[in-house]
Amino acid sequence: MFKALILEKQDDRTVASIQLIDEARLAASADGGDVLVRVDFSTLNYKDGLAITGKAPVVRTWPMVPGIDFAGVVESSSHPDYKPGDKVVMNGWGAGETHWGGLAQKARVPADHLIALPANITTRQAMAVGTAGYTAMLCVQALEKHGIGTNDGDVLVTGANGGVGSFAVAILAKRGYRVIASTGRPEEAARLRELGAADIVERATLSEPGKPLQKERWAAAVDCVGSHTLANVCASLRYGGAVAACGLAQGMDFPATVAPFI
Ligand SMILES: NC(=O)c1ccc[n+]([C@@H]2O[C@H](COP(=O)([O-])OP(=O)(O)OC[C@H]3O[C@@H](n4cnc5c(N)ncnc54)[C@H](OP(=O)(O)O)[C@@H]3O)[C@@H](O)[C@H]2O)c1
């Protein structure tokens, strides 16, 4: 038996409770999961908040264990890549939406969903980085895959004080990029500089509707914001630049033209 936060649908309400669950139920809920993990830590993501409060239709099957990520130690595995005692981390893959997630003492998942943790990173540290940090790293890797180098020019991060943005600032700076942080919270500028930002721009200079083509300014960008901000970023990207768009804090719309892409 293990403890889990269980979400149940009662009439039209989402009801959350901590329950003792038989491990056999994990096998039934895990959709062919071949690795059983003892969960040490999970983050409380915004999406989890939406699921637990029932404020958005995040949960697709009921009952559900929320938690879009976890870090823990393998208890048993029928997959050759993992053995008991291995430290692992899991982000996304529909956890907490279509199959049971990380807000439980145990989780059963397919080996493909897991990443082995390096020996020098604890499960606690992995979840301090969380899915926000993981997303930021995927963005930086995407920019590097598109050939953006540290000598190409300034890299903009929008929503820089947020979870993803602040990790993106820190990772980019550590890798040697000159990072410009866009924020609506200038009172946090000192913290952003501590993380490695070379300069700060005021969020409002990017978030209003702008011209379809603007002065070429950014070698690349990590955009957490979407909407007019993403449109303005694309319009002021240098020739050959790239944007890793990972968020919609300002809006899901993308009111842009094809001009910067031509
Ligand atoms: N966290 C994750 O695991 C994750 C994973 C994948 C995708 N995402 C997406 O990435 C985005 C950022 O996630 P997050 O966890 O970093 O959220 P967050 O901590 O709430 O940060 C979002 C940031 O966006 C800026 N912002 C908020 N409202 C804005 C507006 N109306 N106009 C312009 N900027 C605005 C703010 O930055 P300033 O205060 O600096 O202005 C805020 O701190 C979200 O859309 C999320 O869905 C998140």
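The table below gives the values:
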quantity	calculated
Residue tally, condition surrounded by fewer than 18 Cβ atoms within 10 Å (Cβ to Cβ), more than 16 Å from the ligand (Cβ to nearest atom) and either part of a loop (DSSP other than H, G, I, E, B) or free of Cβ contacts under 8 Å to residues at least 12 places away in the same chain (or both), over region 57-104	13
Total residues in region 155-190, condition away from the ligand (no atom under 16 Å from the Cβ) and either open to solvent by 40 Å² or more (accessible area, probe 1.4 Å) or farther than 23 Å from Glu216 by Cβ (or both)	4
Matching residues, region 132-154, being assigned to a helix (DSSP H, G or I) and either without any contact (Cβ under 8 Å) to a residue 12 or more places away in the chain or open to solvent by 20 Å² or more (accessible area, probe 1.4 Å) (or both)	Ala132, Tyr134, Thr135, Met137, Leu138, Gln141, Ala142, Glu144, Lys145
Number of positions in region 114-128 that are without any contact (Cβ under 8 Å) to a residue 60 or more places away in the chain and out of contact with any Ser or Thr (no Cβ under 9 Å at 6 or more places or on another chain)	8
Condition broken by Gly49, with the remaining ones in (1) buried (at least 16 other Cβ atoms within 10 Å of the Cβ); (2) under 20 Å from the mean Cα position of the chain (by Cα); (3) under 23 Å from Gly163 (Cβ atoms) satisfied	(1)
Subset tally (residues that are of a type outside the set (Lys, Arg), in contact with a strand residue (DSSP E or B) (Cβ under 8 Å, 6 or more places away or on another chain) and within 9 Å of the ligand (Cβ to nearest atom)) for region 203-222	1
Whichever residue in region 246-259 is open to solvent by less than 70 Å² (accessible area, probe 1.4 Å) and closer than 14 Å to Thr229 by Cα and, among such residues, is nearest to the ligand (Cβ to nearest atom)	Gly247
Breaking point among (1) within 16 Å of the ligand (Cβ to nearest atom); (2) open to solvent by 30 Å² or more (accessible area, probe 1.4 Å); (3) part of a helix (DSSP H, G or I), for Asp112	(1)
In region 223-245, the residues that are open to solvent by less than 50 Å² (accessible area, probe 1.4 Å), part of a strand (DSSP E or B) and either near the ligand (Cβ under 10 Å from one of its atoms) or free of Cβ contacts under 8 Å to residues at least 60 places away in the same chain (or both)	Asp223, Gly226, Leu237, Val243
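The values are calculated or read from the model by the stated rules, or taken from the named source; none is laboratory data. The shown structure was predicted, so the numbers you read here are calculated from the model rather than taken from an experiment. Cβ atoms come from the backbone with ideal geometry, glycine included; neighbour counts cover every protein chain shown. For accessibility, only protein heavy atoms count, side chains too; no ligands or nucleic acids. Shrake-Rupley method; radii C 1.70, N 1.55, O 1.52, S 1.80 Å.
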